[in-house]
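Chemist: Quick one: this structure, given as structure tokens, is what I'll be asking you about.
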Amino acid sequence: MSTAGSEPVERVGKGWTASLSLANVAIWVGWYGPLQILLARQAEDFAPGTGMSKETLLAWVTGVGAVVSLAANPFFGALSDRTTARWGRRSPWIVAGAAGGALSLLLLAGADGLWLMTLGWCLVQLTLNAAFAAVTAAVPDRVPRLQRGAVGGWIGAAQILGAVVGTGLATAAGGIAAGYAACGVFALAGVLPYVLRHRDLRLSATDRPPWSWRAFARGFWLSPRRHPDFAWAWLTRFLINLSNALVILYLLYYLRDRLHHDDPEQGVLILTAVDSVALLATVVVGGVWSDRVGRRKPFVRWSGVLMAAATALLAVWQTWPSTIVVAALLGVGLGVFMSVDFALMTDVLPTASDRGKDLGVINVANALPQVAAPAVAAPIVTHLGGYRALYGLAAAVGLAGAILVGRIRGVD
């Protein structure tokens, strides 16, 4: 039987995977409803009184929120590694994080200016990252290595489904406040089936390492020299996620200002749906295929190359039909990447006792691009070549990430 500090050997069932996937859907609804629609609409409302363009204001808010995410994910992952509660070491953080996220989204719903908007989004990032760190760590806690590609595929599908559902709720709710409320309710309700139906692994007090602030802080540094595979895996994920972040950050404004789309919000929803259908067609298949052949790197490499090629196409062919084609190609590549790269990451974790913290460090490669993307994209769009230059740079960054996968030696 699996324990909190052991390598799992028993395969998980469909019910466990479905419940954990739903929890991922819920958390990503809480993130992507705001990111795709609601924050951009608030930026348009608040920008005239700030002296900033809507692009710059949105970049500042999302960038500050991403800084919070950078610290929150590994921090709460490390805390969950040391939690000895009766409910287990992950479940308390899932519930508390989702509840806090719902309340933070309601705060955003009532924002009347830039500062409250920024505070609300920072709280959303803080709380939902607590839940996400615990949900992510549940996979290496419970899933054996040769099942992680398949489970990673379902989780990847859940995350993109969360982006679709979040975008749909934000669009269909009928207003900014109603959109935030709908996303908040879904974020909390969606994690409950996993917490209530599946008992979490408990960490005994005798197995918990002694507390020391110095040791706790020192544990967040993982030496690239001592753990080179972990370092290269982190870098490849960061670069490919940065490329993707550069593409989606100003998508609403790209449709409105560059393509002059009649209904840019509806256009974002259409593109998200196209991307999601393509992703769902490959995300589980890619993970299962990777499990069966026992290889990870070729899947990650070629999915990254496909995404880079699609982004380059967006740089040279800027029409509404071409954007739909690019969305489909990105979905195909991202589907394989999300499932197999997640399995690859769990394969290079240094120790079982620090899974939550180490996966939190890996998740920094998801959050850091949200900081870097606004800083890079805003000056390019406004002064240094516009959307053509932005998407050309995004393609080059993604291709670099795909090539560097070859530097990982310990995983085939």
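Chemist: Divide, for segment 297-410, the radius of gyration over alpha carbons by 2.2 N^0.38 Å, where N is the residue count. Write down the numbers at each step before the final one.
Modeler: On the way: Rg = 15.9 Å, N = 114, 2.2 N^0.38 = 13.3 Å.
Against the empirical 2.2 N^0.38 Å value, I get 1.20 for segment 297-410.
Chemist: Hey, another quick one. As a test question: what accessible area, to the nearest 10 Å², does Thr319 have when a 1.4 Å probe is rolled over all protein chains in place?
Modeler: For Thr319, the solvent-accessible surface is approximately 50 Å².
Chemist: Ordering Arg301, Arg355, Arg409 by how much accessible area each has at a 1.4 Å probe, largest first, what is the list? Present the calculation step by step, with values, prior to reporting the outcome.
Modeler: Details: Arg301 70, Arg355 5, Arg409 170 Å².
Largest accessible area first, the list is Arg409, Arg301, Arg355.
Chemist: Okay, moving on. Roughly how compact is segment 178-278, stated as its Cα Rg over 2.2 N^0.38 Å to two decimals? Display every interim value, and only then the final one.
Modeler: Values: Rg = 21.8 Å, N = 101, 2.2 N^0.38 = 12.7 Å.
So segment 178-278 has a normalised radius of gyration of 1.71.
Chemist: Which residue, Val9, Gln147, Gln370, has the largest displacement toward the positive end of the dipole of the chain when charges sit on each Cβ (Lys, Arg +1; Asp, Glu -1)?
Modeler: Most positive-ward Cα: Val9.
Chemist: Quick check on the chain: helices-only [θ] at 222 nm, where DSSP H runs of length 4 and up contribute -39,500 (n - 2.57) each and the sum goes over total residues. Nearest 500, please. Mind showing how you got there, number by number?
Modeler: On the way: 15 runs with 302 residues, N = 412.
That comes out to -25500 deg cm²/dmol.
Chemist: In µm²/s, what is D for segment 225-334 at 20 °C and 1.002 mPa s, where D = kT/(6 pi eta Rh) by Stokes-Einstein and Rh is the Kirkwood radius from Cα pairs? Before the final figure, lay out each step's value.
Modeler: On the way: Rh = 15.2 Å.
Translational diffusion coefficient: 141 µm²/s.
Chemist: From zero outward in steps of 5 Å, how is the percent of C-alpha pairs of segment 352-412 spread across the bins?
Modeler: 4, 14, 15, 19, 18, 12, 9, 6, 3, 1
Chemist: With a 1.4 Å probe and all protein chains kept in place, how do Asp262, Asp207 rank by accessible area, largest first?
Modeler: Numbers: Asp262 155, Asp207 105 Å².
Putting Asp262, Asp207 in descending order of accessible area: Asp262, Asp207.
Chemist: Run the paramagnetic zone check for Asp45: 7 angstrom along Cα to Cβ, then residues of segment 173-209 with backbone nitrogen under 11 Å.
Modeler: The answer is 175-180, whose backbone nitrogens lie closer than 11 Å to the label point.
Chemist: Still on this model: How many percent of the accessible area of the chain is carbon or sulfur, using a 1.4 Å probe? Walk me through the numbers before you get to the answer.
Modeler: Details: 10720 of 16270 Å².
Here it works out to 66 percent.
Chemist: Here is a follow-up. For the chain, calculate the relative contact order in percent as a whole number, restricting contacts to Cα pairs under 8 Å that are 6 or more residues apart. Working shown, then result.
Modeler: Numbers: 791 pairs, mean separation 113.5, N = 412.
Value for the chain: 28 percent.
Chemist: What number in nm² do you get for segment 1-150 if you take the convex hull of its Cα atoms and divide its surface by four?
Modeler: On the way: hull surface 38.7 nm².
Average projection, Cα convex hull of segment 1-150: 9.7 nm².
Chemist: Once the Cα atoms of helix 297-316 and of the chain are each reduced to a long axis, what angle between those two axes, in degrees from 0 to 90 to the nearest 10, is obtained?
Modeler: 10
Chemist: Determine which residues of segment 81-105 fall in the zone a paramagnetic label at Ala205 would reach in this model, i.e. backbone nitrogen under 19 Å from the point 7 Å along Cα→Cβ.
Modeler: Residues 81-90, 92 qualify, since their backbone N sits under 19 Å from the label point.
Chemist: Now a separate question. As an exercise, identify the trypsin sites (Lys or Arg not before Pro) in segment 5-64 lying in DSSP coil whose Cβ has no more than 11 other Cβ atoms within 10 Å.
Modeler: Details: sites: Arg11, Lys14, Arg41, Lys54; in loops: Arg11.
In loop regions of segment 5-64 (DSSP not H, G, I, E or B), there are no sparsely surrounded trypsin sites (Lys or Arg not before Pro).
Chemist: Per residue of segment 357-365, what does 6.51 cos²θ - 1.76 cosθ + 1.60 with θ = phi - 60° give for ³J(HN,Hα)? Whole Hz please, x for Gly and Pro, Karplus curve as stated.
Modeler: Coupling constants for segment 357-365: 5, 5, 5, x, 4, 5, 5, 4, 5 Hz.
Chemist: Please give the helix 54-81 orientation as an angle from the longest Cα principal axis of the chain, in degrees from 0 to 90, rounded to the nearest 10.
Modeler: The two axes meet at around 0 degrees.
Chemist: Could you give me the ³J(HN,Hα) list for segment 156-172, computed from phi with Karplus coefficients 6.51, -1.76, 1.60 and θ = phi - 60°, whole Hz, x at Gly and Pro?
Modeler: Taking θ as phi minus 60°, the curve returns x, 4, 5, 5, 6, 5, x, 5, 5, 5, x, 5, x, 5, 5, 7, 8 Hz for segment 156-172.
Chemist: Under a 1.4 Å probe, what is the accessible area of the chain per residue, stated in Å²?
Modeler: Values: 16270 Å² over 412 residues.
Using a 1.4 Å probe on heavy atoms only, each residue of the chain averages 39 Å².
Chemist: Kindly express, to the nearest 10 degrees and within the range 0 to 90, the angle between helix 320-347's C-alpha long axis and the longest C-alpha principal axis of the chain.
Modeler: 20
Chemist: Compute, for the chain, the length of the dipole vector about the Cα centre, with Cβ point charges of +1 (Lys, Arg) and -1 (Asp, Glu) only. Units Debye, rounded to 20. Intermediate values should be presented prior to the final figure.
Modeler: Working: 32 positive and 22 negative charges, 289 e Å.
Here the size comes out at about 1380 debye.
Chemist: Give me Rg over Rh for segment 274-360, both radii from the alpha carbons and Rh done the Kirkwood way, two decimal places. Present the calculation step by step, with values, prior to reporting the outcome.
Modeler: On the way: Rg = 15.1 Å, Rh = 13.9 Å.
In segment 274-360, Rg relative to Rh is 1.09.
Chemist: Apply the Karplus parameterisation 6.51 cos²θ - 1.76 cosθ + 1.60, with θ equal to phi minus 60°, to every residue of segment 269-286 and state each ³J(HN,Hα) to the nearest whole Hz, in sequence, with x for glycine and proline.
Modeler: Values, residue by residue: 5, 5, 5, 4, 5, 4, 4, 6, 4, 5, 5, 5, 6, 10, 5, 6, 4, x Hz.
Chemist: Expected output is a single nm value to one decimal: the length gained when fully extending between His383 and Leu196, i.e. 0.36 nm times separation in residues minus the C-alpha distance. What is it? Walk me through the numbers before you get to the answer.
Modeler: Details: separation 187, 0.36 × 187 = 67.32 nm, distance 5.18 nm.
Once the chain is fully extended between His383 and Leu196, it gains 62.1 nm.
Chemist: Same structure, new question: Distance between the C-alpha centers of segment 87-143 and segment 339-389? Whole Å please.
Modeler: Segment 87-143 and segment 339-389 have Cα centres spaced 18 Å from each other.
Chemist: At 1.4 Å probe size, what's the solvent-accessible area of His260? Round to the nearest 10 Å².
Modeler: 130
Chemist: Take the chain, connect every pair of alpha-carbon atoms lying under 10 Å apart with a spring to form a Gaussian network, then pick out the residue of Ala40, Ala187, Ala23 with the largest mean-square fluctuation.
Modeler: For the chain, modelled as a Gaussian network with Cα springs under 10 Å, the answer is Ala40.
Chemist: Same structure again: Take the Cα atoms of the chain, find their three principal axes, and give me the spread along each one in whole Å, biggest first.
Modeler: 60, 44, 40
Chemist: To make sure I understand the rule: partners must be aspartates and glutamates, Cα under 18 Å from the Cα of Lys297, and not fewer than 8 residues away in the same chain. Which ones qualify?
Modeler: Counting by Cα, and skipping residues close in sequence, Lys297 has these aspartates and glutamates nearby: Asp229, Asp341, Asp347, Asp412.
Chemist: Mind checking the alpha-carbon convex hull of segment 118-233 and giving the volume per residue in Å³?
Modeler: Values: hull volume 21.7 nm³, N = 116.
It is 187 Å³ per residue.
The values are calculated or read from the model by the stated rules, or taken from the named source; none is laboratory data. All values derive from a computational prediction rather than experimental measurement. All Cβ positions, even for glycine, are placed from backbone atoms using ideal geometry, and neighbour counts span all protein chains on display. All accessible areas refer to the heavy atoms of the entire protein, side chains included, with ligands and DNA or RNA removed. Shrake-Rupley method; radii C 1.70, N 1.55, O 1.52, S 1.80 Å.
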